[in-house]
Amino acid sequence: MCDTCGCTVDVTQMSGAEQVKARSNRLRGTLSDELLEDTRVFSDDAEVILKFHGVYQQDDRDLRKEARKLGLDKHHVMMIRTRIPGGIVTPDAYLAHDRVAGAWGNDTLRITTRQDLQSHGVLKGDLKKAIRAINESLLTTLGGCGDQERNIMCCPAPWHDRLHSEINETLASLVTGLTPTTRAYREIWLDGELAASNQPDPPDTLYGERYLPRKFKTAIAIDGDNCVDIYANDLGLVAHANSDGRLAGFDLLVGGGLGRTANKPNTWPAVAQPLAYVQPQHVVEAARSVVAVQSDFGDRSDRRHARLKYLIADRGIDWFRSEVASRVPFALEPSRRLRWISAEDHLGWHEQGDGTYCYGLFVENGRIHDTESSGLRSALREIVETLRPELRLTPQQNVLFTNLTSRNRNVLMAILDKFGVARTESLPNAIRHSMACPAYPTCGLAVAESERAMPALIREIALVQRDAGVEDARISYRMTGCPNGCTRPYLGDVGFVGTTLGKYDVFLGGDFEGTRLSELYMHNVKLEEIPHLLRGPLYEYARTQLPGEGFGDWCKRQGITELADRHALVEVPA
């Protein structure tokens, strides 16, 4: 039955994922039975439902060819994504994830661009133990993936003032208001038959039986600092302060989303649009109404056309505003003018406002692991065990150690030095402002390398910036191994989007503050040619930039087509 009007719905006319959800019994499916089976993989239907529980079934693509040669099946592994609202992680929760990585994972953790933690390489037989350990640390994987509200992002700055305190209270209320009510998660992963024998699921007035047509992403920013890339979200909430520093209200932005499909012109990245302004006490109900309209009217027949941005493109922002307004008992106020001064990464040392300090550490591409040259995972473990800081994961895949005393500062630096971890202050800006998605070998959507290609590439680009005389310029570089845009490459100054192994589309003309989409500069560029491709624009930028003009702004002013005509693969003298 239709959740909107009660009419009968022909589920067979919907996408395959919709049909799986409809018969899953509120996200139960066959997961409990399949966890008991001595197999390495879940069924196709179970794989769909697993995502709602925060799990992706993957395989190691580095091993595929060898496995085929030997007549073996793929090497299947699971990735667990923990939902961490605002990226706030207690010491015990971080150490629990570190133990999961060592006991059941591949000895690495990964900070995501949505302030989650991912545990990679977990085998099916260890999945339940790993998820239970995460929940014992008072976090959950429910909502890490799937067609529901994903992890709600928020500015990670740990400032001790009234505004940030009230924003964090709003964050907690949003999490409660946008989390599914199903008991399936506890039944399957935690309480087993005890939970199953209790009362049935309470009605879910937001998600119903089929949840949302596609994933739904929400973020909270503070007017003036777009550190969360607010325009990339289905729903963006921009907090405003009044004259005494308290929370005055929120601007709502809707319809952002960067995913697209190669060679499918009916898919595209989009920035969120202004919807309305609401008072703090109304923001949860307004957010639920936005989600409900997407649930009722979003496309359930074509998953490529199912995100909120397509609904708004098809019906218009005025229709969407009217539909949201009809569902709330208060007036939607006109949107306020937004001002974006910066997009802070919050790295380095900062005072928190109460006599304590935080230190933001750069984590290259979010990967926490030990290598021959750097014992990052060991260093983080010792810092957390010794100093017991609260951690804040950032939208740039980095980590903040918070609530440190003056005495703690030297201890933290000594631990970093002990394990050979580079201090944030020692890094060139090009590296500091770079991001890459995991891509190969675990992401099934990847068509090109990303995390494994970016370190060498960005160091070459850093040298080009240095030689051009703009080493200190804040220029963001973002790479993805496919067009889906997990590191938000269409919003930064420079974006690299994988097209096939070893080749990338290069995008220019976004801005560091993440307020507009970039444009295609050159198609199918070989990885090794990218530094040279950027050499001409960077040298000209150094000569002709206006005072305070960012690289993306300069590219936009010059015109991307004109820049390509002048510089694409043309020799530029030093």
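Being among the charged types (D, E, K, R) and either out of contact with any Phe, Trp or Tyr (no Cβ under 6 Å at 6 or more places or on another chain) or more than 21 Å from Ile431 (Cβ to Cβ) (or both) is the filter here; which residues of the range 504-551 pass it? Write out each step before concluding.
Kept after step one, since they are among the charged types (D, E, K, R), are these residues of the range 504-551: 505, 511, 513, 516, 519, 526, 528-529, 535, 540, 543, 549.
Asp505, Asp511, Arg516, Glu519, Lys526, Glu528, Glu529, Arg535, Glu540, Arg543, Glu549, listed by residue number.
How many residues are part of a helix (DSSP H, G or I) and touching a residue at least 60 places away in the same chain (Cβ under 8 Å) if we restrict to the range 64-84?
Counting residues in the range 64-84 that are part of a helix (DSSP H, G or I) and touching a residue at least 60 places away in the same chain (Cβ under 8 Å) gives 0.
Kindly evaluate Tyr211 against the criterion of being on the phi < 0 side of the Ramachandran plot, of a type in the set (Phe, Trp, Tyr) and in contact (Cβ under 8 Å) with a residue 12 or more places away in the chain.
no
Kindly check whether there is at least one residue in the range 76-84 that is more than 20 Å from Arg367 (Cα to Cα) and either of a type outside the set (Asp, Glu) or in contact with a Phe, Trp or Tyr (Cβ under 7 Å, 6 or more places away or on another chain) (or both).
Scanning the range 76-84 turns up at least one residue that is more than 20 Å from Arg367 (Cα to Cα) and either of a type outside the set (Asp, Glu) or in contact with a Phe, Trp or Tyr (Cβ under 7 Å, 6 or more places away or on another chain) (or both).
Checking Ser24 against (1) within 21 Å of the chain's Cα centre (by Cα); (2) assigned to a loop (DSSP other than H, G, I, E, B), which single condition isn't satisfied?
(1)
Any residue in the range 191-207 that is farther than 21 Å from Ile131 by Cα sitting within a Cβ distance under 9 Å of a residue that is modelled with pLDDT under 60 and not in a helix (DSSP H, G or I)? List the pairs, counting only those 6 or more apart or interchain.
Sorted first by the residue in the range 191-207, then by its partner, the pairs are Thr205/Asp3; Tyr207/Asp3.
Sort out which residues of the range 523-574 are in a helix (DSSP H, G or I) and within 29 Å of Leu338 (Cα to Cα), and write them in order of number. Before the answer, list the steps.
Step one: filter the range 523-574 for residues in a helix (DSSP H, G or I), giving 527-544, 551-558, 560-567.
Listed by number, the residues that qualify are Tyr541, Thr544, Phe551, Gly552, Asp553, Trp554, Cys555, Lys556, Arg557, Gln558, Ile560.
Provide a single number: the residues in the range 391-443 that are more than 27 Å from Arg61 (Cβ to Cβ), aliphatic (A, V, I, L, M) and either touching a residue at least 40 places away in the same chain (Cβ under 8 Å) or buried (at least 24 other Cβ atoms within 10 Å of the Cβ) (or both).
Within the range 391-443, residues that are more than 27 Å from Arg61 (Cβ to Cβ), aliphatic (A, V, I, L, M) and either touching a residue at least 40 places away in the same chain (Cβ under 8 Å) or buried (at least 24 other Cβ atoms within 10 Å of the Cβ) (or both) number 10.
Going residue by residue through the range 246-267, is there one that turns out to be among the β-branched types (Val, Ile, Thr), under 26 Å from the mean Cα position of the chain (by Cα) and closer than 20 Å to Gly177 by Cα? Let's see the steps before the verdict.
As a first pass, look at the range 246-267 and keep what is among the β-branched types (Val, Ile, Thr): 254, 261, 267.
Checking which are under 26 Å from the mean Cα position of the chain (by Cα) leaves us with 254, 261, 267.
From what's left, closer than 20 Å to Gly177 by Cα: 254.
Yes, some residue in the range 246-267 is among the β-branched types (Val, Ile, Thr), under 26 Å from the mean Cα position of the chain (by Cα) and closer than 20 Å to Gly177 by Cα.
Take Val41 and decide whether it is of a type outside the set (Gly, Ala, Ser), surrounded by 11 or more Cβ atoms within 10 Å (Cβ to Cβ) and modelled with pLDDT under 95. Don't jump to the end; show me each part of the working.
Details: of a type outside the set (Gly, Ala, Ser): yes; surrounded by 11 or more Cβ atoms within 10 Å (Cβ to Cβ): yes; modelled with pLDDT under 95: no.
So Val41 does not fit the description; no.
Can you tell me which of (1) touching a strand residue (DSSP E or B) at 6+ places or on another chain (Cβ under 6 Å); (2) without any contact (Cβ under 8 Å) to a residue 24 or more places away in the chain; (3) farther than 30 Å from Phe216 by Cα is the one Thr561 doesn't meet?
Failed condition: (1).
Only one of these conditions is not met by Phe320: (1) more than 24 Å from the chain's Cα centre (by Cα); (2) more than 30 Å from Asp204 (Cβ to Cβ); (3) buried (at least 20 other Cβ atoms within 10 Å of the Cβ). Which number is it?
Here Phe320 clears every test but (2).
To keep it simple, each residue is scored yes or no on (1) exposed (fewer than 15 other Cβ atoms within 10 Å of the Cβ); (2) without any contact (Cβ under 8 Å) to a residue 60 or more places away in the chain; (3) among the hydrophobic types (A, V, I, L, M, F, W, C).
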position: Ser326; (1), (2), (3): yes, yes, no
position: Ser335; (1), (2), (3): no, no, no
position: Arg339; (1), (2), (3): yes, no, no
position: Ser342; (1), (2), (3): yes, no, no
position: Thr371; (1), (2), (3): yes, yes, no
position: Val384; (1), (2), (3): no, no, yes
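The values are calculated or read from the model by the stated rules, or taken from the named source; none is laboratory data. Because the structure is predicted, anything quoted here is derived from the model rather than measured. Counting neighbours? That spans all protein chains shown, and the Cβs are built from the backbone with ideal geometry, glycine included.
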